[in-house]
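Here's the structure, in structure tokens; my notes come after.
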Amino acid sequence: MKKVINIIVATVSLIILTYYTYQTYINAKKLESINKTYYEAQTDIGELIKIKFSKILSTLSFGTLKSKESKEAKLNELKAKQIVLQEQTKKDIIILASISAGIVLLYFVLDLATYTLLLGLSSLVTLLFGVFTPILLIVIHKYIDYLGDIILSYESKTIAGTITHLYESQNYPVAITILLFSIITPLIKTLTMITIALLKEFHLAKKLSNLFKYLGKWSMLDVFVVSLLLVYLSMGSSQNSYSKIENGLYIFLIYVILSILTSLAVEKLLNKKIIYSKE
């Protein structure tokens, strides 16, 4: 009965984590779309000149000639949506972090094998969503007299998108390094830990543990590579540009924490299996 309750608790926890991770991803993509429309609307200098000119004409004619405000009204509407989504994405990551913390605390409730499996699957979910959720917003702008702040370019980066861009730009060494240490190695390591948690046969688990220990030597490289990625993407920042961390990085950070805890749980589980095999 206790085993059944443990499985139900673990399953419900995983479903909740997956749902809110998905919601965080969806809202981050919505914000990315709104940002794209908002910033691209401000790159049309010709249109901005028309708006300014129409306002001057409206002032000089004492309102007889109406100013061209349709585009400005659209920008204000997009800005309002942008603010709402920014607040929502902040709430999303707080909720997701709280759910992840709750899963960690289930250590005191679940048996070790179920807990290890739950941590492994939670790591897998956050890794997959973290790779495809925007991690960094980069905006290049310039203040022009009489026109105000003009957006020159806008980019929203994901880990997967950056790898694709680097590959298409023929930056093969950088693309392969990021692909290897931020996606492939973490994925193999996570799947290995999940498999160990699932295996009942000690000898098979012991063989996989050798791969697990080897990958463990590279366990912090995913953090290092993503840190380098952020530095690479934000290079050239000045008074005419700014960058902002997006939710994808926080999801990836949650993955890293869960992955470390999964590693510790797997080691404890393996030690437990060694003791049982000797008895």
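The slack in the chain from residue 260 to residue 94, taken as 0.36 nm per residue of separation less the alpha-carbon distance, amounts to 57.7 nm.
A crude spin-label estimate for the pair residue 168 and residue 30, with each label 7 Å from Cα along the Cβ direction, gives 2.7 nm.
Using 0.36 nm per residue of separation minus the Cα-Cα distance, give me the extension gain between residue 19 and residue 152 in nm, one decimal.
44.2 nm
With R₀ fixed at 41 Å, the C-beta to C-beta distance from residue 7 to residue 40 puts the FRET efficiency at about 0.25. Here residue 195 and residue 86 are evaluated by their C-beta separation; at R0 = 45 Å the FRET efficiency comes out at 0.70.
Read-outs throughout are calculated quantities, based only on the coordinates presented, and are distinct from any laboratory measurement. Since this is a predicted model, take the numbers as computed values, not measurements. All Cβ positions, glycine included, derive from the backbone under ideal geometry; neighbour counts span all protein chains shown.
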